[in-house]
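**Q** So that we are looking at the same thing, I have put the structure below in structure tokens.
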Amino acid sequence: MKKTKHEAPRTDKKRSQLLEVWGRLKKSKVAIAGLVILTLLILMAVFADVLVDYELAIAQNMPEKLQGPSPAHWLGTDGFGRDILARIIHGSRISLSIGFVSVIVSLVVGGAIGSIAGYYGGTLDMIVMRFIDVLMAIPSMLMCICVVTVLGPGMSNLLVAITISYVATFCVIVRSSILTIKNSDYIEAARATGVGTFRIILKHIIPNAIGVIIVNVTLNVAKIIIYESTLSFLGLGMPPPQPEWGLMLSEAREFMRPAPHLLIFPAAAIVLCACSVNLVGDGLRDALD
């Protein structure tokens, strides 16, 4: 019974904190608009097969190529007669999957390294941070291009490339939060009662740094979606005929004058997705401040 009495107020406190953050977030109409758009994009990616047949996105139909928007093809067709709307819908799966998965993996790996280096400090911290400095000296896009060039195009290789380029970013973010928190009184109290190092990091330090981490995660998702589209535009991303927004832009270059809609719609999808994530990130930053 004692355990239940102690846990109930703690649970209520967490709920009240979440409600407080949600209340602050709701006050920002721009952030809510971004959240609605992002939710719709995620639902579109999840239910892509239900919304439109995948064959329409990859099957060539040359007699219907370069058609403008019409009741038969709401956003028109590309240079191979493929439905643009179908390609955008199924392309959302690739862009959002790479964006969120690579951020999560980068956060887990970089966060673990940054937590250990920041908490223990000393020689370990110096060695880790010098290696991280070397990684951060290389621009993220250049790092991605080098890794994909070595491994070859493909979704798994894109995930590896983007994850490697962002591990250093999250390592620095988490380490700086650890350094700020690790000498707090409640951490000293936990040490004095014999709590283990990893339990202190997982139960006390990370939860108190979660606000900064969440904001940086959301803001970096937008960057990664743009990076992934850029790599595909350069021919280093998804191989054709995969429906991918950056690849669609690359294929539309030769039809810019006769069929500008081939360029407009995938570009609008990239901008809309990146902007919605950024708006949510800005709203969370204000709500968690």
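The values are calculated or read from the model by the stated rules, or taken from the named source; none is laboratory data. Here the structure is a predicted model, which is why all the values come from computation and not from measurement. Note: ideal-geometry Cβ built from the backbone for every residue, glycine included; neighbour counts use all protein chains shown. Note: areas computed on protein heavy atoms with side chains; ligands, DNA, RNA excluded. Shrake-Rupley method; radii C 1.70, N 1.55, O 1.52, S 1.80 Å.
**Q** Quick check on residue 50: is it open to solvent by 80 Å² or more (accessible area, probe 1.4 Å), in contact (Cβ under 8 Å) with a residue 60 or more places away in the chain and of a type in the set (A, V, I, L, M, F, W, C)? Working first, answer last.
**A** Details: open to solvent by 80 Å² or more (accessible area, probe 1.4 Å): yes; in contact (Cβ under 8 Å) with a residue 60 or more places away in the chain: no; of a type in the set (A, V, I, L, M, F, W, C): yes.
No.
**Q** Going by the conditions given, is residue 188 free of Cβ contacts under 8 Å to residues at least 40 places away in the same chain and of a type in the set (Asp, Glu)? Spell out how you get there, then give the answer.
**A** Numbers: free of Cβ contacts under 8 Å to residues at least 40 places away in the same chain: yes; of a type in the set (Asp, Glu): yes.
Criteria met by residue 188.
**Q** Here's a follow-up. Out of (1) under 18 Å from the mean Cα position of the chain (by Cα); (2) surrounded by fewer than 21 Cβ atoms within 10 Å (Cβ to Cβ); (3) aliphatic (A, V, I, L, M), the odd one out for residue 151 is which?
**A** Result: residue 151 passes all but (1).
**Q** Next question. Testing residue 118 on (1) touching a Lys or Arg at 6+ places or on another chain (Cβ under 9 Å); (2) outside any helix (DSSP H, G or I), one condition comes back false. Which one is that?
**A** Among (1) touching a Lys or Arg at 6+ places or on another chain (Cβ under 9 Å); (2) outside any helix (DSSP H, G or I), residue 118 violates only (2).
**Q** What pairs can you find where one residue is in segment 97-126 and of a type in the set (Asp, Glu), the other is open to solvent by less than 20 Å² (accessible area, probe 1.4 Å), and their Cβ atoms are less than 8 Å apart, with a gap of 6+ or different chains?
**A** 125/117; 125/118
**Q** Within segment 183-197, identify whether any single residue is open to solvent by less than 40 Å² (accessible area, probe 1.4 Å), charged (D, E, K, R), out of contact with any strand residue (DSSP E or B) (no Cβ under 7 Å at 6 or more places or on another chain) and at pLDDT below 85, and answer yes or no.
**A** Looking through segment 183-197, none of the residues is open to solvent by less than 40 Å² (accessible area, probe 1.4 Å), charged (D, E, K, R), out of contact with any strand residue (DSSP E or B) (no Cβ under 7 Å at 6 or more places or on another chain) and at pLDDT below 85.
**Q** Here's a follow-up. How many residues are surrounded by fewer than 17 Cβ atoms within 10 Å (Cβ to Cβ), in contact (Cβ under 8 Å) with a residue 40 or more places away in the chain and closer than 19 Å to residue 155 by Cα when one looks only at segment 240-289?
**A** Qualifying residue count for the region: 1.
**Q** Here is a further query. Only one of these conditions is not met by residue 82: (1) basic (Lys, Arg); (2) closer than 27 Å to residue 274 by Cα; (3) without any contact (Cβ under 8 Å) to a residue 60 or more places away in the chain. Which number is it?
**A** With respect to (1) basic (Lys, Arg); (2) closer than 27 Å to residue 274 by Cα; (3) without any contact (Cβ under 8 Å) to a residue 60 or more places away in the chain, residue 82 is out only on (3).
**Q** Taking segment 59-79 only, how many residues are touching a residue at least 12 places away in the same chain (Cβ under 8 Å), open to solvent by 40 Å² or more (accessible area, probe 1.4 Å) and of a type in the set (A, V, I, L, M, F, W, C)?
**A** 3
**Q** Out of segment 78-130, which residues are within 18 Å of residue 226 (Cβ to Cβ) and among the polar types (S, T, N, Q)?
**A** Hits for segment 78-130 are 92, 95, 97, 102, 106.
**Q** Something else now. Could you pull out the residue among 237, 211 that is within 16 Å of residue 144 (Cα to Cα) and touching a residue at least 60 places away in the same chain (Cβ under 8 Å)?
**A** On the way: 211 fails: within 16 Å of residue 144 (Cα to Cα).
Within the list 237, 211, the selection yields 237.
**Q** Being farther than 23 Å from residue 246 by Cα, within 18 Å of the chain's Cα centre (by Cα), assigned to a helix (DSSP H, G or I) and not basic (Lys, Arg) narrows it down to one residue among 160, 167; which is it?
**A** On inspection, the qualifying residue turns out to be 167.
**Q** Please list, ordered by first then second residue, the pairs with beta carbon atoms under 8 Å, 6 or more apart or interchain, first in segment 131-160 and polar (S, T, N, Q), second open to solvent by less than 50 Å² (accessible area, probe 1.4 Å) and not in a loop (DSSP other than H, G, I, E, B).
**A** Close Cβ pairs (under 8 Å, with a partner that is open to solvent by less than 50 Å² (accessible area, probe 1.4 Å) and not in a loop (DSSP other than H, G, I, E, B)) amount to 140/165; 140/166; 140/169; 157/147; 157/148.
**Q** Right, here's the next one. Of the residues that sit in segment 90-116 and are surrounded by fewer than 21 Cβ atoms within 10 Å (Cβ to Cβ) and not hydrophobic (A, V, I, L, M, F, W, C), which one is nearest to residue 206 (Cα to Cα)?
**A** 97
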